[in-house]
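The values are calculated or read from the model by the stated rules, or taken from the named source; none is laboratory data. Remember, predicted model here, so these are calculated numbers, not experimental data. Here the Cβ is made from the backbone with ideal geometry for all residues, glycine too, and neighbour counts use every protein chain on show.
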Amino acid sequence: MQTTTIGQEPGQDRETMGREHSPARDRQDDNAAEQIKRSFEQRAETVRPEDEERVANSLQDRVNRLVNSANAERPFVMRMLAAVKLLWAMLREPSFHLEWTTRGTIIAALLYFISPLDVFPDFVPLIGVIDDAFVLSLVVAQLSSEIERFKDYLRALIAESER
């Protein structure tokens with residue numbers, strides 16, 4: 001005889017229990033995603049060149065806090081940190097040219113990441129980093145061709161240094 005857990009439908013395994021997608025749940029997810037996206041876009045509209053220095057002054061501290069948190073081993077957090085490092089490297093490479101719109105988008109994403117008070121405040125366990133991860137994934141997707149250009153640039157530098 002098969003037993004079920006409270007809240008588990010007959011025939012449903014315990015692994016998928018609680019992960020059902022209803023139209024109401026999907027609308028909530030869409031609303032949260034839109035709210036995060038709007039918040040980021042508002043920051044992106046007001047970014048200034050001097051904000052890069054603000055990022056420079058706070059980024060390492062934010063990365064360290066995340067690395068030392070309980071969330072550090074979660075795959076999405078590792079991907080988020082990789083995106084932060086890549087975007088920061090693009091900004092800081094002096095001989096790699098970025099148009100202001102690209103540069104401003106990267107600065108806005110990193111400002112969103114370092115800000116403790118955004119759509120989901122960073123002090124809320126786990127949830128506090130989800131919006132940061134979402135913003136960074138949007139920016140990485142949006143700048144995919146620039147990221148590829150940067151990777152090609154780095155490969156060329158490495159090849160040149162090996163000659």
Could you pull out every one of the helices (runs of 4 or more DSSP H) wholly within region 84-163 that has 2 or more residues that are surrounded by 18 or more Cβ atoms within 10 Å (Cβ to Cβ) and within 14 Å of the chain's Cα centre (by Cα)? 100-114, 127-142
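Just to check your reading of the model, which residue among VAL139, VAL84, VAL67, VAL119 is in contact with an Asp or Glu (Cβ under 7 Å, 6 or more places away or on another chain) and either of a type in the set (A, V, I, L, M, F, W, C) or modelled with pLDDT of 95 or more (or both)? Reasoning before the result, please.
On the way: VAL139 fails: in contact with an Asp or Glu (Cβ under 7 Å, 6 or more places away or on another chain); VAL84 fails: in contact with an Asp or Glu (Cβ under 7 Å, 6 or more places away or on another chain); VAL67 fails: in contact with an Asp or Glu (Cβ under 7 Å, 6 or more places away or on another chain).
None of the others qualify; the one that does is VAL119.
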Extreme residue, surrounded by the most Cβ atoms within 10 Å (Cβ to Cβ), among residues of region 69-83 that are outside any helix (DSSP H, G or I) and not basic (Lys, Arg): ASN71
Mind listing just one residue for me: the one in region 19-47 that is assigned to a loop (DSSP other than H, G, I, E, B) and surrounded by fewer than 10 Cβ atoms within 10 Å (Cβ to Cβ) and, of those, modelled with the highest pLDDT? SER22
List the residue pairs whose Cβ atoms are under 9 Å apart, where the first residue sits in region 148-159 and is on the phi < 0 side of the Ramachandran plot, the second is of a type in the set (Phe, Trp, Tyr) and not in a helix (DSSP H, G or I), and the two are 6 or more positions apart or on different chains. ARG149/PHE96; PHE150/PHE96; TYR153/PHE96; LEU154/PHE96
What single numbered condition from (1) modelled with pLDDT of 95 or more; (2) touching a Ser or Thr at 6+ places or on another chain (Cβ under 9 Å); (3) over 19 Å from LYS151 (Cα atoms) fails to hold for ALA109? (2)
